[in-house]
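The values are calculated or read from the model by the stated rules, or taken from the named source; none is laboratory data. Just so you know, these numbers come straight off a predicted model, no measurement behind them. Please note: Cβ atoms are built from the backbone with ideal geometry, for glycine as well, and neighbour counts cover all protein chains shown.
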């Protein structure tokens, strides 16, 4: 799924300090909580080289900046909680919305090594998440698709300041049905938004989601052993911990592996007709392929990705008999040249 609006990216700037490699410092904001009595608490996760430890951290917000006292950080890895009392000077962070940036520095033999992390929240411009309600925190939670880790800030009703975050208190439930290009339910198919889920025999699903505003026009689906993107009609909602939201999802893509959109190779023009097609009349084609040097196949594929017909093309024009049992719905006609898809188009089967 093209998920750039859902992902929170952390920028790390590092300078090489000597010919001998060292462990570059890294710092991330992992949770933010506003305690009614003690004020803000910023949890950071850090990694550092014991031989070149982080010895300076600066917290920046819209109201100014302040250095953290009691440095350096202990150990090679851990969590550190920054409060107003742990700063060398006063710094206000607005609970209604602010921009927080934390910069960590370690001093090598010749250069300063820096790492920084940022969180924008609330009513501040370009915020990644809304302001936390009373007793809620904003917590970073990673999730994994295809062995790649993505990070997402979520509302959390069970803050875990100072320890590793978990999903307890973060998730809500999204329920509904998933429909294909011709608005028929997609049955027994594995999808994923933050975490994998599967539709039942009627296309119904129930998905666990982290809590934030979720605006997208794509979804992950499993095909060929890995997750791939499928375009959908846009959806836009705000999830809260423990909330149930009903949403039907309408696909704008076929889920057949290798077809993301209808395509036409400029060097190999193809004409398929009539469309709509009556199976009793067959599907006609006109094409211009190097038949002598390449293997050319035409496939009829269902919206669920099942190959229903394969026909080898050996001449420039011809007629293909379609299976008599094809339902009156939308299919994909795909042409492969030496196994590579070079043409795909939507074919509607219709019996008058």
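For region 256-289, enumerate the residues that are modelled with pLDDT of 75 or more and surrounded by 16 or more Cβ atoms within 10 Å (Cβ to Cβ).
Once the filter is applied, which keeps residues that are modelled with pLDDT of 75 or more and surrounded by 16 or more Cβ atoms within 10 Å (Cβ to Cβ), region 256-289 yields 268, 270, 272, 277, 279, 283, 285, 287, 289.
Out of curiosity, is residue 300 surrounded by 14 or more Cβ atoms within 10 Å (Cβ to Cβ), touching a residue at least 60 places away in the same chain (Cβ under 8 Å) and part of a strand (DSSP E or B)?
No: the conditions fail for residue 300.
Just checking, which of 120, 82, 42 is in contact with a strand residue (DSSP E or B) (Cβ under 8 Å, 6 or more places away or on another chain), free of Cβ contacts under 8 Å to residues at least 40 places away in the same chain and not in a loop (DSSP other than H, G, I, E, B)?
120
Which residues, counting only those in region 303-329, are more than 15 Å from residue 271 (Cα to Cα) and surrounded by 19 or more Cβ atoms within 10 Å (Cβ to Cβ)?
303, 322 - these are the residues of region 303-329 that are more than 15 Å from residue 271 (Cα to Cα) and surrounded by 19 or more Cβ atoms within 10 Å (Cβ to Cβ).
Return the residue satisfying two criteria in turn: it lies in region 312-335 and is farther than 28 Å from residue 185 by Cα and outside any loop (DSSP other than H, G, I, E, B), and of such residues it is nearest to the chain's Cα centre (by Cα).
Looking at residues that are farther than 28 Å from residue 185 by Cα and outside any loop (DSSP other than H, G, I, E, B), I get 312.
Here is a yes/no grid of residues against (1) closer than 30 Å to residue 302 by Cα; (2) free of Cβ contacts under 8 Å to residues at least 24 places away in the same chain; (3) outside the structural domain of residue 208 (by TED's automatic domain parsing):
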{"residue": "137", "(1), (2), (3)": "no, no, yes"}
{"residue": "148", "(1), (2), (3)": "yes, yes, yes"}
{"residue": "151", "(1), (2), (3)": "no, no, yes"}
{"residue": "157", "(1), (2), (3)": "no, no, yes"}
{"residue": "162", "(1), (2), (3)": "no, no, yes"}
{"residue": "180", "(1), (2), (3)": "yes, no, no"}
